[in-house]
C-alpha cells in the first residue's frame, strides 16, 4: 500500500486560514512579470500577492502557502511545488511544464485556460475544483484527489491516474485517451460524451461487471 504524503498545513475541509510564520510572509506585493528562476522558499506564506506573468525555471517551493495569489498568465517550467497549499488563488492562462507538484492541495481556486504538460502531480488534491476545459497531458497524477471535480470538456490524456479518487467527478465531454482509468468507478462519475480509447473501454466494461472478450 502506498503512503500518501502529509499535505502542507491546511486540512482539506478546514475553513480556517493558515497561520503564517511572521518571518516568512510575503504580503500585498506586486511581482508582475518578475523572473524568479532558481529561487527557493520553504514554509513561506504568500498572501494577496500578484504573480501575473511571472516566469520561472527551476524554482523550488516546499510546504508553502499561497492565499489569494494571482498566477494569471504565469509560466512555470521544471519547478517544484511540493506539499504546498493554494487557497483562493486565480489561475488564468497559467501553464506548468514538467513541474513537480507532489502532495499539493488546491482549495476554492479558479482555473481558466489552465494548462499542465508533463511532470509529477501525484497525491495532489483538487476536491470540488472547477477544471472545466483544463488541459493535462503526459504527467503522473497517482492517487490524486479529484472528488467532485468539474472536468467537463477537459483534456486529461496520457496521464497516470492510478489510485486516483474520482467519486462524483463530472467528466462529461472530456478527452481521456491514454490515461489510466483503473481506479475509476463508472457508476460514481458522469461520463456522457467522454472520449476514450479501446483499452479504456475494456477497463470500464470490466468495472461494470461485463465479461470482455
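Throughout, read-outs are computed from the coordinates displayed, never taken from laboratory work. All figures in this text were calculated on a predicted structure; none of them were measured in a lab. Cβ sites come from the backbone with ideal geometry, for glycine too, and all protein chains shown count toward neighbours.
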Between the Cα axis of helix 198-207 and the main Cα principal axis of the chain, the angle (0 to 90°, nearest 10) is 80 degrees
From Cα pairs below 8 angstrom and at least 6 apart in sequence, can you work out the relative contact order of the range 21-110, rounded to a whole percent? 22 percent
Provide the packing ranking of 26-32, 128-134, i.e. peptides ordered by the mean count of other C-beta atoms within 10 Å per residue, highest first. 128-134, 26-32
For the range 21-110, what does the alpha-carbon gyration tensor say about shape, rounded, prolate or oblate, given a ≥ b ≥ c as the root eigenvalues, a/c under 1.5 as rounded, and a/b over b/c as prolate? rounded
Taking a ≥ b ≥ c as the square roots of the eigenvalues of the Cα gyration tensor of the range 43-164, is the shape rounded (a/c under 1.5), prolate (a/b larger than b/c) or oblate? rounded
Counting each DSSP H run of 4 or more residues in the chain as -39500 (n - 2.57), what helix-only mean residue ellipticity at 222 nm follows after dividing by all residues, to the nearest 500 deg cm²/dmol? -1500 deg cm²/dmol
Taking square-rooted eigenvalues a ≥ b ≥ c of the alpha carbon gyration tensor, is the range 159-208 rounded, prolate or oblate, where a/c under 1.5 means rounded and, failing that, a/b exceeding b/c means prolate? rounded
